[in-house]
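Worksheet: one structure, shown below.
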Amino acid sequence: MTIFQAIIYGIIQGAGEFLPISSSGHLIAIPQLLGWADHGLEFDIALHWGTLVAVLIYFWHDWTLLLKGGMRGTGTRDGKMFWYLIAATIPGAVAGYLLDNVVESYFRNVGLVGISLIIMGMVLYLCDRYGRQQVNLQQMTFWQSLWIGLSQALAIVPGVSRSGSTISCARILGLDRESAARFSFLLSTPIIFGSAIIPLKKILQSGLSVPLGYFVIGMLTAAIIGLLCIKFFLQYLKKADLVIFVWYRFVFGAILLLFYYAS
């Protein structure tokens with residue numbers, strides 16, 4: 001790995017984690033398109049730490065209120081939202097735990113990523129186009145949050161996109177675009193934390209696959225880009241729809257399919 005590659009990977013993770021374009025899909029596809037060697041599980045973990053830092057910095061105040069409310073039970077809106085987020089996290093966590101080996105062995109396929117990008121692009125367009133904008137974050141119900149959590153489990157497939165699946169589900173359930181994205185980002189916090197923490201035992205046993213400096217560069221780049229993308233996306237959704245990301249998914253998915261069948 002080079003410093004340039006570490007920076008590129010950090011940009012991909014930081015943008016793909018929060019924009020509905022799939023960070024995992026890009027981290028599989030880009031190295032194969034460019035002929036780069038697999039960067040390894042250990043470096044993936046460093047990138048996740050970067051996006052975890054980004055979401056914690058941006059939503060620090062929100063999580064402080066949610067944690068305080070959650071410790072007091074469900075008597076306040078913050079308390080309810082905290083436990084909604086905990087319940088919504090469970091499906092994705094279970095899917096990640098049960099299918100981890102399948103993902104690492106069978107899902108790292110450019111053709112699958114291309115198909116997933118296109119299919120999820122269609123879903124994203126339809127849900128955003130026909131979703132009602134009548135519910136904000138403060139009006140969410142437990143069942144809405146649980147359905148969004150179930151949709152997050154689909155993101156185990158590279159190319160689907162965790163933010164894409166959760167925002168799509170939130171939109172079809174009636175949340176406005178900004179509320180859908182904000183809930184998606186809050187919901188990402190425990191999932192990213194788990195993705196960064198659980199594999200640490202493997203890393204400690206096997207050691208680092210690349211020099212420590214590259215890990216730091218990748219993590220810092222992912223944190224900075226992730227923070228910028230969260231801010232940009234929430235502002236963008238106040239006045240625009242998701243069609244630009246739909247078209248991106250279609251074009252990049254088509255490129256990956258052409259590459260897959262031509263190679």
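A short reminder: the numbers here are calculations on the coordinates, not readings from a lab. None of these values were measured; they are calculated from a predicted model. Backbone-built Cβ (ideal geometry, glycine too); neighbour counts: all protein chains shown.
If I model a spin label as a point 7 Å beyond the Cα along the Cα-Cβ vector, how far apart are those points for residue 36 and residue 132 in nm?
4.5
Over the stretch 1-71, calculate the relative contact order: mean separation of alpha carbon pairs under 8 Å at least 6 apart, over the residue count, as a percent. Before the final figure, lay out the partial values.
Values: 28 pairs, mean separation 20.1, N = 71.
Reported as a whole number, the value is 28 percent.
Ranked from highest to lowest mean number of other Cβ atoms within 10 Å per residue, what is the order of the peptides 42-48, 82-88, 234-240, 179-185?
Details: 42-48: 23.1, 82-88: 19.7, 234-240: 13.1, 179-185: 25.0.
Descending mean neighbour count gives 179-185, 42-48, 82-88, 234-240.
Before anything else, pin down the relative contact order of the chain: Cα pairs under 8 Å, at least 6 apart, normalised by residue count, whole percent. If you can, show how the numbers build up before the last one.
Working: 410 pairs, mean separation 98.7, N = 263.
The value is 38 percent.
Whole-Hz ³J(HN,Hα) for each residue in the stretch 114-131, computed from phi via Karplus 6.51 cos²θ - 1.76 cosθ + 1.60 with θ = phi - 60°, x for glycine and proline: what do you get?
Working through the residues one at a time gives x, 4, 5, 4, 6, 4, 5, x, 4, 4, 4, 5, 5, 5, 6, 5, 10, x Hz.
Suppose we keep just the alpha-carbon trace of the chain; what are its Rg and Dmax in angstrom?
When restricted to the Cα atoms of the chain, Rg and Dmax are 17.8, 58 Å.
Cα axis of helix 212-236 to longest principal axis of the chain: angle in degrees, 0 to 90, nearest 10?
Tilt of helix 212-236: around 40 degrees.
Using only the alpha-carbon atoms, how far is helix 23-34 inclined from the longest principal axis of the chain? Give it as 0 to 90 degrees, nearest 10.
Orientation of helix 23-34: about 20 degrees from the principal axis.
Can you give the FRET efficiency for residue 143 and residue 64, using 1/(1 + (r/R0)^6), R0 = 30 Å, r = Cβ-Cβ distance, to the nearest 0.05?
Numbers: r = 26 Å, r/R0 = 0.88.
About 0.70, to the nearest 0.05.
Run the numbers for residue 250 and residue 87: contour at 0.36 nm per residue of separation, minus the present Cα-Cα distance, in nm.
Details: separation 163, 0.36 × 163 = 58.68 nm, distance 3.25 nm.
The residue 250-residue 87 span can extend by a further 55.4 nm.
What order, most packed first, do the peptides 27-33, 58-64, 150-156 have when packing is the mean number of other Cβ atoms within 10 Å of each residue? Numbers along the way, then the final one.
On the way: 27-33: 19.6, 58-64: 14.3, 150-156: 22.3.
Highest to lowest by the protection proxy: 150-156, 27-33, 58-64.
By how many nm would the segment from residue 108 to residue 193 grow when fully extended, if each residue of separation counts as 0.36 nm and the alpha-carbon distance is taken off?
On the way: separation 85, 0.36 × 85 = 30.60 nm, distance 2.19 nm.
Here the segment from residue 108 to residue 193 would lengthen by 28.4 nm.
Tell me which of 248, 56, 99 sits at the most positive position along the dipole axis of the stretch 3-262, charges placed on C-beta atoms (Lys, Arg +1; Asp, Glu -1).
Result: 56.
Please state the charge dipole magnitude for the chain, taken about the Cα centre, from unit charges on C-beta atoms (+1 on K and R, -1 on D and E), reported in debye and rounded to the nearest 20.
Working: 17 positive and 12 negative charges, 135 e Å.
About 660 debye.
In degrees between 0 and 90, to the nearest 10, how far off the longest principal axis of the chain does helix 142-152 point, with axes built from Cα atoms?
Roughly 10 degrees between the two axes.
Looking at the square roots a ≥ b ≥ c of the eigenvalues of the Cα gyration tensor of the stretch 148-202, which shape do they give, rounded for a/c under 1.5, prolate if a/b is larger than b/c, or oblate? Show your work: numbers first, answer last.
On the way: a/c = 3.21, a/b = 1.94, b/c = 1.65.
In terms of gyration-tensor shape, prolate.
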